[in-house]
Amino acid sequence: MSLEHTISEAIKTAMREKDRIALDSLRAVKSQILLLKTEARGAEVSPEQEIAILQRMIKQRRDSFEQFAAQGRNDLADVETAQIKVIEQFLPKQLTAEELESEVGKIITGTGAESLKDLGKVMGIASKALSGRSDGKSISEMVKKLLS
């Protein structure tokens, strides 16, 4: 079942339950998927593209949360946090720090990287291999930690 269909079903559930935050979040996700399909001229959206959409939306909401929290607008920050939780339900299971360290360690060993000079080579492989299961910032921090 495609993400678009899953989101549509979740929208119906949110409407029945009168969950305004979930409804707004899910409609935003569906909107992004439809925009991507329009840009692709009706072609199917790949699972990788769907995951990228979800990750981008979560990142946007985290940035908004930080801005609202810095300005003391906890009411708006709470809404952003709730929307993040709704969107995260549709992402694959995220790696723990230990799992991420293990996976990145394997990639570093496999590429033969020895120092921060090899950061780009490792990041390219790690980003593709761990896409959807961890965000780019976490991957980057772990690669830097293990290469230094």
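Values in this text are rule-based calculations from the coordinates and carry no lab data. Just so you know, these numbers come straight off a predicted model, no measurement behind them. Here Cβ is always computed from backbone atoms with ideal geometry, including for glycine, and neighbour counts include all displayed protein chains.
The dipole here belongs to the chain: it is taken about the Cα centre, uses +1 on the Cβ of Lys and Arg and -1 on the Cβ of Asp and Glu, and is about 260 debye.
Each peptide in 23-31, 67-75 gets a packing score, the mean of other Cβ atoms within 10 Å over its residues, and the list from highest to lowest is 23-31, 67-75. Candidate cross-link partners of LYS117 among the aspartates and glutamates, defined by an alpha-carbon separation under 16 Å and a same-chain spacing of 8 or more, comprise GLU141. For the cross-link pairs LYS12/LYS137; LYS30/LYS144; LYS37/LYS128; LYS30/LYS93, the ones whose C-alpha atoms lie over 27 Å apart are LYS12/LYS137; LYS30/LYS144.
Pick the calculated mean projected area of the Cα convex hull in nm² for this structure from (i) 16.1; (ii) 10.9; (iii) 9.0? For mean projected area of the Cα convex hull in nm², the calculated option is (ii). Label-to-label distance for ARG73 and GLU48 is 3.6 nm, based on points extended 7 Å past Cα in the beta-carbon direction. From helices alone, the chain scores -25000 deg cm²/dmol at 222 nm; the rule is -39500 (n - 2.57) for each run of n ≥ 4 DSSP H residues, then divide by the residue total.
Within the chain, which DSSP H helices have Cα atoms that stretch 18 Å or more along the helix axis and a mean Kyte-Doolittle hydropathy of at least -0.5?
Helices passing the filter in the chain: 3-17, 20-39, 74-88, 97-111.
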